[in-house]
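Beneath this line is the structure, given in structure tokens, with notes to follow.
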Amino acid sequence: MSLPDNTDVDAVRSSLPPSANYVLEAVGDAGGSISREELIDRSYYCDRTVDRAISQLEDRNLVRRDRVDDDLRYVHVKTTEIS
């Protein structure tokens, strides 16, 4: 689900579950970029919850997942311009 340019980010965030809001805040607090493992460590959520939260945020174009070329298992989460 892509957001139109005039979308109120606060309205979108209010529709997200608490885990997705926490993950978005954690990414922002980390300067806009953090590894998936760090998110799991900081949030104390299980990996499945963090993955689902990231997917929900990606669906709304609030974050994106990048993989490191050397090790495709390593996932880095970054905020987008919308968030």
For the list (1) in a loop (DSSP other than H, G, I, E, B); (2) without any contact (Cβ under 8 Å) to a residue 60 or more places away in the chain, I need the number of the one condition that ILE82 fails. (2)
ASP71 passes all but one of (1) at pLDDT 90 or above; (2) acidic (Asp, Glu); (3) surrounded by fewer than 16 Cβ atoms within 10 Å (Cβ to Cβ); which number fails? (1)
Residues that are in a helix (DSSP H, G or I) and aromatic (Phe, Trp, Tyr): does segment 39-55 have at least one? no
VAL77 - would you say it is touching a residue at least 12 places away in the same chain (Cβ under 8 Å), buried (at least 17 other Cβ atoms within 10 Å of the Cβ) and assigned to a helix (DSSP H, G or I)? no
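The values are calculated or read from the model by the stated rules, or taken from the named source; none is laboratory data. Source: prediction; values computed, not measured. So basically every Cβ, Gly included, is an ideal-geometry build from the backbone, and we count neighbours across all protein chains shown.
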